[in-house]
Structure formats: C-alpha cells, structure tokens
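Asks: Please find one structure pasted underneath; my questions will follow.
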Amino acid sequence: RYLLPLLSCAVMLLGLGNVEAQQNGSLTVKFVYDNYAFSPGFETNWGFACVVEGTEKTILFDTGQKGDLLLENFKKMGLDPQSPKIVVLSHNHGDHTGGLTAFLAKNHDVSVYLPASFPKEFVRKVEAAGAKVVLVTEPVEICKNVFLTGEMGGAIKEHGLILDTGGGLVLITGCAHPGIVAMTKRAKEHLKKDVAMVFGGFHLGQLSETEAKAGADQLKDLGVR
C-alpha cells in the first residue's frame, strides 16, 4: 500500500494512495498501470492508468498500453472492472489508450470522455464496443466535484482530471503535453481555487535542471503545495 496524504508530493508507482477530502470523507487513487511498482507482484510497463474511488462515480483515468496487463493489475488489487462508470483518456497516445478495448470487453456500461480532437475512427470503435463517448473541448464537470480542464495544447491535445476535495484541488495529468504549469493555471482559473496537489506525467525529461526548477517555482507560486 502506498499512502498518499493530501498536499504531499506524489510518486507515480503501482500501489495505493489516499487523498483526504473534506466533503466526501476519503478519495482513493489506485495506480493500476505504470513503469514502476511500489507493491511487489504487480506487472509494470510503459504507460499510465489509475482508478479514482470515493467520488460520486468511480473513474478510470487512462488505460495504459496493454489491456491484459491492465486487467491483471485490476485483479491483483482486488478491483472489479465493473466498478468504474466513467473512463477519461487524457490524450491520444497508445501508452494511455491501448488498454481501453480490453477494459470495454469487461465493462462497456461507461461514459468515455475524450479530447474532441481524437480520431473519428477511434470514437467509432469505442461506440461500437457499447460505450457512450463524450467529446470534450471546454472545462466540464463530469460528476459531482470532478472536472476536466478542457482540451489544451497544440500538436498534442490533452485534458487533465480535477478533483475538488474541499481542502484544495487535485490535478491528475497523463503526460501534461500542453505544459504542467499551463494545465495547473487552467484548473485554478476555472474553479477559482488553489490547486493543492498535482501528480501524473509531466514530460520534463528534456528540460534542463534550471528549466525544471523554474517550472516547480511557478507551481509553488500558483499555490501548489
């Protein structure tokens, strides 16, 4: 188990994290797909997926690259694929969308939220599997106190997931291709609240140490703790 108290720094590992929410008791984020494992026995691979519990509807955010691996980690964590009622895909890259087909074969009774720029053929396949597709352009509330940033970015379009915990916003990103600072600003401006915690993929690998530090300083200036 990986315990993640609100406002602490998060490390993306296969395991479990608790995020305290003032109005809902406890939100739980379970990392079911990643290239690092915290708990022994989980299968790792390049990509990302997490399950958010404790919200009005359970949410699967991204689906990793390989569906069989995603479902195996669901099983090892004691998760029922029927539990999620919402699926959010952050952006159209295979290491975030590849597990969707296998997941929908187990549970197609879901609404799948996609950036509006997703290819039409992808949308048709999701609908053919029996799921409802919701194309996202602007910020939107997808269930009580849970929002999407709206589609952002240039060549690579992406949206992030925002949890309004009552003790501050929590922003989850797949890769943050539009820039983690820009996505944090969008969340803060839309809900007019500080983003207390940010975690997920940031795509900072090509930045210099100076550039990365400048980005961290900007996040702190925005209220991220």
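Asks: For the range 33-121, state what percent of all Cα-Cα pairs lands in each successive 10 Å bin, counting from 0 Å until the bin that includes the largest distance.
Replies: The calculated distribution, bin by bin, is 17, 54, 26, 2.
Asks: Can you pull the three principal axis extents for the Cα set of the range 161-225, in Å, largest first?
Replies: The principal-axis extents, from largest down, are 35, 22, 16 Å.
Asks: Here's something else I'd like to know. Add +1 for every Lys or Arg and -1 for every Asp or Glu among the other residues with Cβ under 14 Å from the Cβ of LYS213, and state the total. Provide the component values of the computation, followed by the final result.
Replies: On the way: positive: LYS220; negative: GLU209, GLU211, ASP217, ASP221.
Local net charge: -3.
Asks: Okay, next question. Which cross-chain or sequence-distant (5 or more) residues have an amide H under 5 Å from the amide H of VAL136, H modelled 1.01 Å from N in plane?
Replies: Those lying under 5 Å, H to H, from VAL136 are LEU114, ALA116.
Asks: Keeping all protein chains in place and using 1.4 angstrom, which order do ASP194, ASP68, ASP164 fall into by accessible surface area, from largest down?
Replies: Values: ASP194 70, ASP68 115, ASP164 20 Å².
If we order ASP194, ASP68, ASP164 from most to least accessible, we get ASP68, ASP194, ASP164.
Asks: Can you tell me the Rg and the Dmax, both Å, for the Cα atoms in the chain?
Replies: 16.2, 48
Asks: Which value, in Å², gives the accessible area per residue of the range 147-212 when a 1.4 Å probe is used on the protein heavy atoms? Please report the intermediate quantities before stating the final value.
Replies: On the way: 2630 Å² over 66 residues.
On a per-residue basis, the range 147-212 sits at 40 Å².
Asks: In addition: With each run of n ≥ 4 DSSP H residues scored as -39500 (n - 2.57), what mean residue ellipticity at 222 nm is computed for the chain after dividing by its residue count and rounding to the nearest 500 deg cm²/dmol? Each step should come with its number before you reach the end.
Replies: Details: 6 runs with 55 residues, N = 225.
One gets -7000 deg cm²/dmol as the mean residue ellipticity at 222 nm.
Asks: Okay, next question. Would you work out if the range 125-196 is rounded, prolate or oblate? Take a ≥ b ≥ c from the square roots of the eigenvalues of the alpha-carbon gyration tensor; rounded if a/c is under 1.5, else prolate when a/b is larger than b/c, oblate otherwise.
Replies: On the way: a/c = 2.41, a/b = 1.39, b/c = 1.74.
Taking the square roots of the gyration eigenvalues as a ≥ b ≥ c, the range 125-196 is oblate.
Asks: What percentage of the solvent-accessible surface of the chain, computed with a 1.4 Å probe over protein heavy atoms, is contributed by carbon and sulfur atoms? Write down the numbers at each step before the final one.
Replies: On the way: 5160 of 10150 Å².
Carbon plus sulfur share of accessible area: 51 percent.
Asks: Counting only the heavy atoms of the protein chains, how much of THR173 is accessible to a 1.4 Å probe, in Å² to the nearest 10?
Replies: 0 Å²
The values are calculated or read from the model by the stated rules, or taken from the named source; none is laboratory data. Since this is a predicted model, take the numbers as computed values, not measurements. Cβ coordinates were reconstructed from backbone atoms using ideal geometry, including for glycine residues, and neighbour counts include every protein chain displayed. With ligands, DNA and RNA removed, areas are computed over all heavy atoms of the protein, side chains included. Shrake-Rupley method; radii C 1.70, N 1.55, O 1.52, S 1.80 Å.
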